[in-house]
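No lab work stands behind these numbers, since they all come straight from the coordinates. All values derive from a computational prediction rather than experimental measurement. Methodologically, a virtual Cβ is constructed for each residue, glycine included, from the backbone with ideal geometry; neighbour enumeration extends over all protein chains shown.
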Amino acid sequence: MILYPAIDLLGGKVVRLRQGEYDDSTVYGDDPVAVARSFVDQGATWVHMVDLDAARSAEPVNRAIIAAVASAVSGRASVQVGGGVRTLADAEALSNAGVARVVMGSAAVANPLLVETVAKLVAVVVGLDHRDGIAATHGWTESSGQTVASLLPLFPSASAFVITDISRDGMLTGPDIRGLADAAASTSIPVIASGGVGSLAHLAELSAVAGLNGVIVGKAIYEGKFTVAEAVRELS
């Protein structure tokens with residue numbers, strides 16, 4: 001199983017939001033490139049980045065930082081980026097910045113055919129963020145009215161799905177094992193878990209889920225619950 005250590009960018013700084021709330025954020029560093037290098041030095045083969053500014057305002061103010069991270073880890077790890085990827089032009093700009101995969105959430109749910117178009121240019125991960133199985137959009141502020149289960153078949157060209165249980169995000173209380181297992185069993189496309197990991201034991205639980213391809217971890221690493229190197233060992 002692949003570890004995707006996360007770097008969330010807000011105003012150029014490395015932050016984590018609690019349950020997606022911009023007013024409930026913690027700053028963990030002001031050098032995203034150094035953070036990414038540290039992750040890769042410890043064995044990470046992917047870095048997961050989220051441009052929180054672009055997600056909120058559609059202004060790609062962190063794109064130069066994303067390009068710098070991609071350049072810094074090039075040849076050793078790949079970068080996937082979400083947050084404000086709403087159009088083909090957004091995806092193309094990130095691809096040109098050295099990003100290997102883009103993550104599309106709200107735009108994908110609103111228009112699944114857009115994923116088919118973007119996937120011809122760059123690999124697309126579809127982000128399905130949910131509350132009690134119902135997908136949320138627009139920075140988790142709106143309900144799509146559609147279940148994760150009903151959305152999974154709509155994206156045949158997706159490279160992977162990132163499934164986030166919003167209620168668990170940033171809480172360190174454990175992942176939604178049953179929901180993730182159901183999702184992984186219902187699609188042949190790789191599923192990446194997100195939200196709730198707070199210990200190596202949680203990673204061990206996830207690694208036992210059939211069909212689960214990877215896990216995104218942010219706060220647990222920054223809060224010192226375990227290191228990237230320890231996580232990589234646990235998942236391998």
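Averaging the sequence gap over all C-alpha pairs within less than 8 Å and six or more residues apart, then dividing by the number of residues, gives the range 2-235 a relative contact order of 18 percent. Here the dipole of the range 174-236 is about 60 debye; that uses its Cα centre as origin and unit charges on the Cβ of Lys and Arg (positive) and Asp and Glu (negative).
The length gained by stretching the chain between THR45 and ALA204 to full extension, at 0.36 nm per residue less their Cα-Cα distance, is 55.4 nm.
Where only DSSP H runs of four or more residues are counted, the chain gives -9000 deg cm²/dmol as its mean residue ellipticity at 222 nm, each run worth -39500 (n - 2.57). Residues ILE221, ILE163, ranked from the fewest to the most other C-beta atoms within 10 Å, line up as ILE221, ILE163. Taking other C-beta atoms within 10 Å as the exposure proxy, MET171, MET104 rank MET171, MET104 from fewest upward.
Computed about its Cα centre, the charge dipole of the chain is approximately 420 debye, with only Lys, Arg, Asp and Glu carrying charge at their Cβ.
The amide H of GLY127, built 1.01 Å from its N in the peptide plane, has MET104, GLY105, VAL162 as neighbours under 5 Å, considering only residues 5 or more places off or on other chains. Taking the number of Cβ atoms within 10 Å of each Cβ as an exposure proxy, the fewest-first ranking of LYS219, LYS225, LYS120 is LYS120, LYS225, LYS219. For the range 89-182, the alpha carbon positions stretch 37, 26, 25 Å along the principal axes, listed from largest to smallest.
Cα convex hull, the range 105-236: 107 Å³ per residue, rounded to a whole number. Distant-in-sequence amide contacts of ASP8, defined by a placed amide H-H separation under 5 Å and a gap of 5 or more residues or a different chain, comprise VAL15, VAL50. Assign one of three labels to the range 1-124, namely rounded, prolate or oblate, based on the Cα gyration tensor with a ≥ b ≥ c the square roots of its eigenvalues; rounded applies when a/c is under 1.5, prolate when it is not and a/b is larger than b/c, and oblate otherwise. It comes out oblate by the Cα gyration axes. For the range 153-166, backbone phi angles converted through the Karplus equation (6.51, -1.76, 1.60; θ = phi - 60°) give residue-by-residue couplings of x, 7, 10, x, 9, 5, 7, 6, 10, 9, 10, 10, 8, 4 Hz, Gly and Pro being listed as x. The Cα center of the range 162-212 and the Cα center of the range 82-140 differ in position by 20 Å. The shape of the chain can be summarised by an equivalent ellipsoid whose semi-axes, obtained from the alpha carbon gyration tensor, come to 22, 22, 17 Å from longest to shortest. Spin-label model, ASP24/LYS120: points 7 Å from Cα along the beta carbon direction are separated by 4.3 nm. Amide H contacts for GLN146 (H built 1.01 Å from N in the peptide plane; partners 5 or more residues away or on another chain; cut-off under 5 Å): ALA135.
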